[in-house]
Amino acid sequence: MPAPAPLVNLHAYEAAAAERLPRMVFDYYAGGAADEVSLRTARASWDDISLRYRVLRDVATRSLHTEVLGHALDWPVLVAPMALQQLAHPEGEVAVARAAEATGTGMILSTLATRSVEAVRDATRGPLWLQLYVSKDRGASEALVRRAEAAGCTALVLTVDAPVLGRRERDLLNGFHLPAGMTVPNLSAGPHDTLATHRETASALADFVSTYWDASISWKDLGWLRSISKLPILVKGVVRGDDAVQALEEGASGVIVSNHGGRQLDTSIPTARALPEVADAMAGRGALLVDGGIRRGTDIVKALAMGAHAVLLGRSVLWGLAVDGQAGAQRVMQLLKDECDHAFALAGCRTPGECTRDLLA
């Protein structure tokens, strides 16, 4: 039997995680909507961009340090909000939070986390933001916001691209559901039973979303969220310049260019193509982040050159978590951090501010 391939990059961690995780879990994390066109183009769109690197710029001393919403980060990456992380490892989101802090960054905690916001906040001193879906029961959403504030979260991330759940056919084929005893402690007791229901060719998550999430969410809900919290709000799921501008006009502190990892509307524009238009429309106003298909240090350079202040790292963190818990998640982030520093040097950049659009071909 051949020896396993060395885990020298994020792609290798995905392959290793595929061997360790149950098929239902791997497909839930890895899958996309419908034909998964958006899932495939997320990665390809970054690869399609070439870098016109600079030479003779004295890159012996470099710094990846940046700030986002007043938070000092050792490098321009945060962990994206991802649900149900205990499916990958018993410590789930707590392990990821510790790994993020160890690499000098923070994380965004999903509403559908399998560890409570209080437990995750206790596990890390790094930046912690809460991602929020708007429930049909506004009181339940407000209660979660209050918990996040009390726990010490410093921003809210409102996801706006999921009024209904994308058609995730891998989940339908696998009858996706939570194992017995696993809960989503940031929500009330009721939804847990729905998420644990196993039916053939049905997704318990899809049933849950149709029951509890509010498909009538609109711009007025951003105003409602502002009215109940003083925390800065980022709007996640934007791929258009006009939507980004309206988010700022409605009081958002920034936007996250995202198509939900290709898990919502299939054939939607990849974020690498959407980012320049959004950056131009925002014209330096507010925080600008991007996710979707980030796997290499060069992707980070390209995103910064397009105008992003930082990127969000998603699935790859889960692959590291599945392989080796906190140590695996930390190793994935450190690999990308080292690649980012290497890409800075070879592109002729000493700081994130030197990653400008003239680098892009």
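If we scan region 194-204, do we find a residue that is in contact with a His (Cβ under 8 Å, 6 or more places away or on another chain) and assigned to a helix (DSSP H, G or I)? So far as region 194-204 goes, yes, one or more of its residues are in contact with a His (Cβ under 8 Å, 6 or more places away or on another chain) and assigned to a helix (DSSP H, G or I). When restricted to residues that are surrounded by fewer than 21 Cβ atoms within 10 Å (Cβ to Cβ) and under 30 Å from Arg54 (Cα atoms), region 316-334 contains 2.
Suppose we filter Thr154, Thr124, Thr105 for residues that are surrounded by fewer than 17 Cβ atoms within 10 Å (Cβ to Cβ) and polar (S, T, N, Q); which single one remains?
Details: Thr124 fails: surrounded by fewer than 17 Cβ atoms within 10 Å (Cβ to Cβ); Thr105 fails: surrounded by fewer than 17 Cβ atoms within 10 Å (Cβ to Cβ).
One residue alone meets the criteria, Thr154.
Scanning region 218-259 for residues that are part of a helix (DSSP H, G or I) and among the charged types (D, E, K, R) gives Lys220, Asp221, Arg226, Asp242, Asp243, Glu249.
Within the bounds of region 183-197, is there any residue that is among the acidic types (Asp, Glu) and either in contact (Cβ under 8 Å) with a residue 60 or more places away in the chain or under 26 Å from Glu249 (Cβ atoms) (or both)?
Step one: filter region 183-197 for residues among the acidic types (Asp, Glu), giving 193.
So of that shortlist, the ones also either in contact (Cβ under 8 Å) with a residue 60 or more places away in the chain or under 26 Å from Glu249 (Cβ atoms) (or both) come out as none.
Checking region 183-197: not a single residue is among the acidic types (Asp, Glu) and either in contact (Cβ under 8 Å) with a residue 60 or more places away in the chain or under 26 Å from Glu249 (Cβ atoms) (or both).
Surrounded by 17 or more Cβ atoms within 10 Å (Cβ to Cβ), more than 21 Å from the chain's Cα centre (by Cα) and over 21 Å from Gly92 (Cα atoms) - does that describe any residue in region 175-196? Checking region 175-196: not a single residue is surrounded by 17 or more Cβ atoms within 10 Å (Cβ to Cβ), more than 21 Å from the chain's Cα centre (by Cα) and over 21 Å from Gly92 (Cα atoms).
Among the conditions (1) closer than 18 Å to Ala252 by Cα; (2) under 15 Å from the mean Cα position of the chain (by Cα); (3) surrounded by fewer than 24 Cβ atoms within 10 Å (Cβ to Cβ), the only one that Gly284 does not satisfy is (2).
When you scan region 266-287, do you find a residue that is over 17 Å from Thr356 (Cα atoms), part of a loop (DSSP other than H, G, I, E, B), touching a strand residue (DSSP E or B) at 6+ places or on another chain (Cβ under 6 Å) and among the acidic types (Asp, Glu), even just one? Scanning region 266-287 turns up no residue that is over 17 Å from Thr356 (Cα atoms), part of a loop (DSSP other than H, G, I, E, B), touching a strand residue (DSSP E or B) at 6+ places or on another chain (Cβ under 6 Å) and among the acidic types (Asp, Glu).
Taken over region 297-311, the residue count meeting the criterion of being outside any helix (DSSP H, G or I) and either touching a helix residue (DSSP H, G or I) at 6+ places or on another chain (Cβ under 6 Å) or crowded, with 24+ Cβ neighbours inside 10 Å (or both) is 4. Restricting the first member to region 322-333 and to residues that are at positive phi, and the second to residues that are modelled with pLDDT of 95 or more and not in a helix (DSSP H, G or I), the beta-carbon pairs closer than 7 Å and six or more apart or on different chains are Gly325/His89; Gly325/Glu91. Going through (1) closer than 17 Å to Leu64 by Cα; (2) more than 16 Å from the chain's Cα centre (by Cα) one by one, Leu313 falls short only on (2). Annotation: Asp47 fulfils all but one of (1) of a type in the set (Asp, Glu); (2) touching a residue at least 40 places away in the same chain (Cβ under 8 Å); (3) closer than 25 Å to Arg331 by Cα; the unmet one is (2).
The values are calculated or read from the model by the stated rules, or taken from the named source; none is laboratory data. What you see is a predicted model, and the numbers here were worked out from it, not measured in a lab. Because the Cβ atoms are built from the backbone with ideal geometry, glycine has one as well, and the counts that use them run over all protein chains shown.
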